[in-house]
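The values are calculated or read from the model by the stated rules, or taken from the named source; none is laboratory data. Note that this is a predicted model, so its numbers are computed, not measured. Using ideal geometry, Cβ is built from the backbone for each residue, glycine included, and neighbour counts are taken over all protein chains shown. Heavy atoms of the whole protein, side chains included, go into the accessibility calculation; ligands, DNA and RNA do not. Shrake-Rupley method; radii C 1.70, N 1.55, O 1.52, S 1.80 Å.
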Amino acid sequence: MSEIFLLAFWVGLLFNAAPGAVFSESLRRGVRGGFGPAFAVQVGSLAGDAVWALLGLAGVGALFAVPALRVPLTVSGCLLLGWLGVTALREAAFPPAEATSRTPSRRGALSVGAAMSLGNPWNVVYWSGAAGAVSSVLGRDAGVSGLAVFFTGFMTSSLAWCFVSAGLIALLRRALPPLAVRLLEAACGLSLIVFAALLAARLAPL
């Protein structure tokens, strides 16, 4: 099973290193509050990913092809991303006082990260495909143990990436002057709005 673990580890790194909405929110909170908020967003998202992973690997991903389940979740995810984007633009234009912004940022980052992940039911499609890929590699040996090894490898690399990503963001924060922080926050806000639009566009064929 070691080859499955290593494969899952590298797949996890590729999956998490790809720029996306979670990274934008981690970057936005990290340049304002440091390692803690950035790491919390990443870990919260990882918790949401774990839910989709378990559903996909368990073979129930087809349930989310039903519009009655997928549409409400996708709409909720779009609204959340849009709200976060507008919030980022507002805080970039009118930065809150450090004393009043630090604690809420740390407290809410974990739940925001989880909500961002859970609001994207298309993740279960990825995990349903991963289950099929693992089964094809293991052949008759595929089963609960093989899928568990894949899940463990993926989550291990994902957690490692949480530390690396948040650490790099914290280093970037130290190097940026206040004006650059505000500009970066605004850029993150715009990207979150774009990601919301892209997620909404996936509903168009329905």
Any chance region 106-115 includes a residue that's more than 16 Å from Gly34 (Cα to Cα), at pLDDT below 90 and small (Gly, Ala, Ser)?
-> no
Are any of the residues in region 59-69 closer than 19 Å to Ala201 by Cβ, open to solvent by less than 40 Å² (accessible area, probe 1.4 Å) and touching a residue at least 60 places away in the same chain (Cβ under 8 Å)?
-> yes
Mind checking which residues of region 178-192 are without any contact (Cβ under 8 Å) to a residue 60 or more places away in the chain and either within 16 Å of Val22 (Cβ to Cβ) or open to solvent by less than 10 Å² (accessible area, probe 1.4 Å) (or both)?
-> Ala187
State yes or no: is Val22 in contact with a Ser or Thr (Cβ under 9 Å, 6 or more places away or on another chain), aliphatic (A, V, I, L, M) and in a helix (DSSP H, G or I)?
-> yes
So Leu171 fits all but one of (1) at pLDDT 75 or above; (2) closer than 16 Å to Asp49 by Cβ; (3) open to solvent by 70 Å² or more (accessible area, probe 1.4 Å); what number is the exception?
-> (2)
